[in-house]
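J.: Before anything else, here's the structure in question.
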Amino acid sequence: MKNRYAAIIFGLTIMPVSYAQPGSPGMGCQHGMPGMGCGQGMQWRQGAQPAAQAQANQSQPTDRRLFVKMPAEAQQIMRQDMLIHLSTLARILGFLAEGQLNEAADIAEKQMGNSTKGKHRGTGMGPGRFMPQAMKTFGWNMHQAATDFAQIAKTGNVKAAYAALQQVTATCVTCHGVYRIR
């Protein structure tokens, strides 16, 4: 049983790397995942040396994601939140692997769920004020998906919890595939 969950976690972990490899199915991008810089940062997988990285970057296709302009402070806040979300996802996967669904539920809600929406609103630099409506909707959907995951995980149904967690990560992937802030 634990091997099955380890395979699921390994699959979730390795999937983004497989998309960034040359020749992988990238929905039209011949070098990796579309709109994600086509594997930027993965040049080492293609044998490029660090000194040649600048030259490799010049030959890469233009990033086709929509640019969302926001002040540097708002960018920093947004990037910090996203790093928290990534570390939270890693912790959630660890809790799920250990069968600790209540812990996974608690951290999901406290770090990513609806209860975290708008926490920077009073600063005047909350990233949401600079986002187009569709981008805000992706964010709201991610927060809702995290809350849904938390509620499902609390039921103890591991399979349903993984399915709900996939909705969280799918929302992240979709938004990152459409938008960029730098």
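J.: In Å³ and rounded to a whole number, note down the convex hull volume per residue for the Cα atoms of the range 71-180.
T.: On the way: hull volume 9.2 nm³, N = 110.
Taking the convex hull of the Cα positions in the range 71-180, it is 84 Å³ per residue.
J.: With each pseudo-label sitting 7 Å past Cα toward Cβ, what's the Gln133-Gln167 distance in nm, one decimal?
T.: Distance between label points: 2.3 nm.
J.: If the chain between Arg180 and Ile84 were fully stretched, how many nm would it gain, using 0.36 nm times the residue separation less the Cα-Cα distance?
T.: Working: separation 96, 0.36 × 96 = 34.56 nm, distance 1.79 nm.
The Arg180-Ile84 span can extend by a further 32.8 nm.
J.: Lysine pairs in the range 65-182 with alpha-carbon atoms under 15 Å apart, 8 or more places apart or on different chains: how many are there?
T.: Count of close lysine pairs: 5.
J.: Same structure, new question: If each of Glu103 and Arg64 carries a label point 7 Å out from its Cα toward its Cβ, how far apart are those two points in nm?
T.: 4.3
J.: If you place +1 on the Cβ of every Lys and Arg and -1 on the Cβ of every Asp and Glu, how big does the dipole about the Cα centre of the range 110-158 come out, in debye to the nearest 20?
T.: The dipole magnitude comes to about 200 debye.
J.: For Arg180, what charge total do you get from the other residues with a beta carbon under 10 Å from its beta carbon, if Lys and Arg give +1 and Asp and Glu give -1?
T.: So the environment of Arg180 carries a net charge of +2.
Every number in this text was worked out from the coordinates using simple rules, so none of it is lab data. The model shown is predicted, which means the values in this text are computed figures rather than measured ones. Here the Cβ is made from the backbone with ideal geometry for all residues, glycine too, and neighbour counts use every protein chain on show.
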